[in-house]
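These notes concern the structure reproduced below.
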Amino acid sequence: MTLTELRYIIALAQEQHFGRAAERCHVSQPTLSIAIKRLEDELGVVLFERAKQGVLVTPMGDRMVTMAGKMLDQAAQMKDVANSDKEQLQGQIALGTLPTIGPYLLPQFIPLLQEMAPGLGLYVEEDNQAALALKLRTGELDVILVTLPFSEPDVVVQPLFDEPFVLLLPAHHPLVHHTTISATDLNPDEILLLRDGHVFRDQVLQAFPNLRPSAPLDGDSHRFKQGSTLETLIHMVASGLGVTILPQTAVEASRYPSTLLVTRPFVAPVPKRTLCLGWRVTFPRHKAIDLLRKAIQTSSAAYWNYKTVPDENDSAGILVENRDW
């Protein structure tokens, strides 16, 4: 019995599909299937019912999956304790993040992090929020950068900042003449959204409940109404296929000129998402987490978004960047 096999049965129990479980574990389907069958033979029990309609967890399998989760938690705690005496700003830290965050924030804060802590290596992995949470609890990741709401047992969650949403539209679009955009200005038929399974898609629909993606129709443009990444949505807008709602950092990273694409802010209360860090309560390298938090906040324009005008009662003015924390 190995920790890898325990991770496999947890993934299969949650996905209830060998292909998806194997993809989630970054192995081939035969590798995962053989490992689980070997574990069943070793234990002398059947953990999963294999049927044409899918995979079902047996009652014994359900008990074993629960125990496997606890064993992986304990293994992660052992790893944390073993690392507790090491220099906190030396060595590698494993960071997980969402694909709607990583491509836009990583280039901003990694150079600053490397400057402040040259001995701190960073391993980065992108995945969906549920998969990141599992990898955090099993010790595959040390810290994750996701969005609220996020809650996991024995995981510390620290909000970083609110990131506003903006509307991205072609420069010739009629809404360009609006200084701010309200929900009633949006035409649901021309809104481009991420596909199902993305947290950001759910956040947009929650902020704008009047938006409902059109059902695909054969032979018409409705098939273009969804994209797999934010970059795809930006290219779709540039191609004149519609408009989309993006987080501020994604817009700032766009390389399209203002003669082709423009953005407009939303009316108050501005829709937004809250970015946060999450790490196990047993993770001992608190200085590394603190440095990571400060690097993200200091280098992010979104962190300073609501502080662009000085407070008349604040004689100290605005702090734009401070590399001497």
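Numerical summary
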| read-out | value |
| --- | --- |
| Environment charge of Asp73, counting only residues whose C-beta is closer than 13 Å and scoring Lys/Arg +1, Asp/Glu -1 | +2 |
| Calculated [θ] (222 nm, deg cm²/dmol) that DSSP helices of n ≥ 4 give over the chain, each run adding -39,500 (n - 2.57) | -11500 deg cm²/dmol |
| Estimated FRET transfer efficiency when R0 is 41 angstrom, pair Ser28-Leu148 (beta carbons, to 0.05) | 0.70 |
| Under Karplus coefficients 6.51, -1.76 and 1.60, residue-wise ³J(HN,Hα) of the range 179-193 in Hz, glycine/proline x | 7, 9, 10, 10, 4, 6, 6, 7, 9, x, 6, 10, 7, 9, 10 |
| Computed lengthening from Gln53 to Leu89, 0.36 nm per intervening residue step minus Cα-Cα distance | 8.0 nm |
| Rounded FRET efficiency, nearest 0.05, which uses the C-beta distance separating Leu122 from Thr2 and R0 of 30 Å | 0.65 |
| Net lengthening on full extension, Thr229/Glu252 (0.36 nm per residue, minus Cα-Cα) | 6.7 nm |
| Residue-by-residue Karplus 3J(HN,Hα) for the range 127-142, coefficients 6.51, -1.76, 1.60, Hz, glycine and proline x | 6, 6, 5, 5, 5, 5, 4, 5, 5, 5, 5, 8, x, 5, 10, 8 |
| Under the Karplus curve 6.51 cos²θ - 1.76 cosθ + 1.60, θ = phi - 60°, whole-Hz ³J(HN,Hα) for the range 280-296, x wherever Gly or Pro sits | 5, 5, 8, 5, x, 8, 5, 5, 5, 5, 5, 5, 4, 4, 5, 5, 5 |
| Shape of the chain, Cα gyration tensor, a/c cut at 1.5 | oblate |
| Amide hydrogen neighbours beyond the local backbone of Thr58, cut-off 5 Å, H modeled | Phe48, Glu49 |
| Entries of Lys52/Lys79; Lys79/Lys272; Lys70/Lys225; Lys37/Lys79 with Cα pairs more than 32 Å apart | Lys52/Lys79; Lys79/Lys272; Lys70/Lys225 |
| Amide H contacts of Thr97 (H built 1.01 Å from N, under 5 Å, at least 5 apart or other chain) | Glu125, Glu126, Asp127, Leu145 |
| Chain lengthening between Thr274 and Asn187 when straightened (0.36 nm per residue, less Cα-Cα) | 28.7 nm |
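Read-outs: derived from the displayed coordinates by stated rules, not from any lab. Just so it is clear, the structure is predicted and the values come from calculations on it, not from any experiment. When we count neighbours, we look across all protein chains shown, and the Cβ atoms used for this are built from the backbone with ideal geometry, even at glycine.
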